[in-house]
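For reference, the structure is listed below as structure tokens.
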Amino acid sequence: MPPGMPAEEPVNEASTGAERVTTVDAGVARAAAREPVEVAVGVLLEGHGPGARFLLTSRPAGKAYAGYWEFPGGKVEPGESVEAALARELHEELGITIDGAERWQVEVFDYPHALVRLSFCKVFAWHGEFVMREGQQMAWQSLPVTVAPVLPGTLPVLRWFANERGFSGATHREVP
């Protein structure tokens, strides 16, 4: 399987209950018994409905999967709610203040560098000017997305959008 391509595998139910994990780069060794890192992810939408565009940002240089496109967000700190973490991360990374977030979906990804539990939240309102504070790029997208490569943790959101919007066909460009 090419690097960066996910393969779904069941998770040990004793450690995570009924959750499933998507393993990325399955042939790469991992540390045993990793605890998932909690991550808040913002799915910023320009309006409601099937035509609403969504924001993707590129991962900055120096981070794992630098240059890959993803939904913005970051790590949930101890004692912090997903919504508070998302508000903090979007302000730190993008310079905006969100006016709330709707929890939407949760997915677990097992990357070689980290096991992450991604809590995706829809965000419909914010204020402030977008400032890419980590040197990343931003792009408003619709299906199929035109930016590439797309981070594996972004792919479920694109599938959910396709289902919600009645979209058929490829949701993104494959990069060889």
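Listed by first and then second residue, the pairs with beta-carbon distance under 8 Å, at least 6 apart or on different chains, first residue in segment 24-35 and more than 16 Å from VAL108 (Cα to Cα), second surrounded by 12 or more Cβ atoms within 10 Å (Cβ to Cβ) and at pLDDT 75 or above, are VAL28/PRO112; ALA29/PRO112.
Table: residues versus (1) aliphatic (A, V, I, L, M); (2) touching a Phe, Trp or Tyr at 6+ places or on another chain (Cβ under 8 Å); (3) within 24 Å of PRO149 (Cβ to Cβ).
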site: PHE71; (1), (2), (3): no, yes, yes
site: GLY79; (1), (2), (3): no, no, no
site: VAL82; (1), (2), (3): yes, no, no
site: HIS91; (1), (2), (3): no, no, no
site: ILE98; (1), (2), (3): yes, yes, no
site: TRP104; (1), (2), (3): no, yes, yes
site: PHE120; (1), (2), (3): no, yes, yes
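Set side by side, the residues TRP126, TRP160 differ, and just one is closer than 26 Å to GLU38 by Cα and surrounded by fewer than 17 Cβ atoms within 10 Å (Cβ to Cβ), which is TRP160. Within the option set ARG88, ARG117, being over 19 Å from TRP160 (Cα atoms) and not in a loop (DSSP other than H, G, I, E, B) holds for one residue only, ARG88.
For the subset of segment 57-113 comprising residues that are of a type in the set (Lys, Arg) and within 15 Å of the chain's Cα centre (by Cα), which member is most open to solvent (accessible area, probe 1.4 Å)? Give the derivation first.
Our first condition is that a residue be of a type in the set (Lys, Arg); within segment 57-113, this holds for 59, 63, 75, 88, 103.
Next, from what is left, pick out any that are within 15 Å of the chain's Cα centre (by Cα): 59, 63, 75, 103.
On the way: ARG59: 47, LYS63: 86, LYS75: 111, ARG103: 143 Å².
Applying the filter and picking the extreme gives ARG103.
Looking across segment 129-157, the residues that are open to solvent by less than 30 Å² (accessible area, probe 1.4 Å) and assigned to a strand (DSSP E or B) come down to ALA139, GLN141, VAL150.
The values are calculated or read from the model by the stated rules, or taken from the named source; none is laboratory data. Just so you know, these numbers come straight off a predicted model, no measurement behind them. Positions of Cβ are generated from backbone atoms using ideal geometry, with glycine treated the same way; all protein chains shown enter the neighbour counts. Ligands, DNA and RNA are stripped out before the accessible areas are found, and what is left, the full protein with its side chains, is counted by its heavy atoms. Shrake-Rupley method; radii C 1.70, N 1.55, O 1.52, S 1.80 Å.
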